[in-house]
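Structure record follows, encoded as structure tokens.
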Amino acid sequence: MNKKKLNFENYYKEKNKLTDLTPKQIKTKKYNLKDYLSPVYLKKKYNLYLKYKNTDDIELKFNLDYIKNFFKYKIYLYTIICTYYNPIIFDYNFYNNNKSKKIIKELMNDYHNKLIKTIINRLKEGANLKITIPYIMCVRFMEQIKNYSKELYDYIKDDYIKKCRKTIGLCHLPNGKKIYKILLKNNLGGLKKTPEEIHNLGISLLKNFKPNNKKTFFKSREKLFKECKKIALYIYNNIIDKYFHYKPVQLFTIKPVHKEIEKTTSTAYYEPGKDIVYINLSHYKECSKQSLYSLLMHECFHQYHYRLLNDFKRQSYEIYGYNNGSLIEGFAHYMEIYCDDYDNNNDDNNDYSILRKLRLVVDTGINYYGWTYNKAFNYMIKYLPHKRTEIINEIDRYICHPTQSLWYLMGKIEIIRMRDKFLKEKKGTIKDFHHKLLINGMMSFISLHKIFN
């Protein structure tokens, strides 16, 4: 293939056609079952890697470097079962809420007879290679999916759970530490950081922590939601004009998390496909009023980021194809410093600032240093004693998605470094910096460094 065509745009278009479609799906063209673990899909993915591996495109080379290791170490077998934002539940509710009854029937048939069977086969393959899910996660997973798939529930209960391991960290599995480093590079957008550096950074940032016992909380779901909408409106009317050239036409969209998934999700998250910021109202007793402002800054600027890219008509591959979660989450976390009452020298009153520091220690602690579940929980509860539910969800997250939680603070630190250099060299205003940072899509820091230098 011509090297000019071995670029990210062409790769992204081909990648989006890989999903293993059934004849019914091809005929109706109305839905697409994302069976990412099926042998057919994985074979197509590997062939696509072979086709593009000699590219000169920086973003594509970065992406394909991970794909190479994905297959070399069979990374897809390491996190098949996920209790954090459980995809089994998400898929079930998505497919079962399709408007057409005919399509719902076809989707649910594929869900049970194709997707679930693929998961079971991959669990069997992993078990044969001594790559298994932690026992504690399996128990929680079974509780979550018992009303969604009897076949998967019964297989785990009758067979798989007996093979589960007592440990929780990636480092206890074959090639675990090596895979953790691979995930680290991929998830940090190419930043060269070691697990040891990140672990020690987290410890140093928490060194002078002083607990604040004067936090106040919400008395009802309704009061939490009302305050969220109030803060989102303030951010739209006041913060954007101070720090950005572009302002979206529409106000930020805030909605409650669906009750079926409240137990498996965080306090808030943004969903790009729907352009909605979701608030988990079941956390009203644990979400402090002091921290809510920064939480809404974070999620609203996710929405701002995607709206900017869409309104400036960036290509789909630049928005959804590039692979830098550390830019996406790092930017949103970075925007929290522009809260009106933010104090850089005293941010221990902010639960979410503390949480992002804890993640550096505990994610690496579990997955690289082999911490037990109890050690991780006890370490976190010392800093956030009122967030028991969220801590349980957080630890699930570190086990299910090693290194993903590091996006936030590591990305923020890098963006601040880039900002300070940009302003010091008088290359423009803070508004100019933000626009330049965001306008090229979700590209890696490898590419961003070239743009800013």
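Tabulated results
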| item | result |
| --- | --- |
| Which listed pairs, of LYS5/LYS185; LYS215/LYS431; LYS15/LYS124, have C-alpha distances above 30 Å, in listed order | LYS215/LYS431 |
| Cα-Cα over 27 Å, subset of LYS117/LYS166; LYS259/LYS436; LYS223/LYS263; LYS74/LYS162 | LYS259/LYS436 |
| Burial ordering of ASP35, ASP154, ASP57, fewest other beta-carbon atoms within 10 Å first | ASP154, ASP57, ASP35 |
| In Hz, Karplus ³J(HN,Hα) per residue of the stretch 249-254 (6.51, -1.76, 1.60; θ = phi - 60°; x = Gly, Pro) | 6, 8, 5, 5, 9, 10 |
| Amide N of the stretch 279-303 lying under 19 Å from the label point, which is placed 7 angstrom from the Cα of THR389 along Cα→Cβ | 279-293, 295-296 |
| Order of HIS401, HIS245 - criterion: other Cβ atoms within 10 Å of each residue's Cβ, fewest first | HIS245, HIS401 |
| For TYR369, residues with placed amide H under 5 Å, excluding near neighbours | none |
| Proximal aspartates and glutamates relative to LYS313, as straight alpha-carbon distance under 17 Å, when same-chain residues fewer than 8 apart are discounted | GLU9, ASP275 |
| Stretchable slack from VAL249 to ARG221, in nm (0.36 nm times residue separation minus alpha-carbon distance) | 7.2 nm |
| Too-long pairs where the Cα-Cα distance tops 24 Å, listed order kept, from LYS193/LYS357; LYS242/LYS426; LYS219/LYS247; LYS247/LYS274 | LYS219/LYS247 |
| Exposure proxy ranking, count of Cβ atoms within 10 Å, fewest first, for MET380, MET142, MET410 | MET142, MET380, MET410 |
| For LEU18, residues with placed amide H under 5 Å, excluding near neighbours | none |
| Relative frequency of Cα-Cα separations exceeding 20 Å in the stretch 3-171, percent | 59 |
| ALA268 long-range amide H proximity, modeled H, under 5 Å | ASN280 |
| Range of Cα positions in the stretch 195-452 per principal axis (Å), largest first | 46, 43, 34 |
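Every number in this text was worked out from the coordinates using simple rules, so none of it is lab data. In this text, all values refer to a predicted model and were calculated from it rather than measured experimentally. All Cβ positions, even for glycine, are placed from backbone atoms using ideal geometry, and neighbour counts span all protein chains on display.
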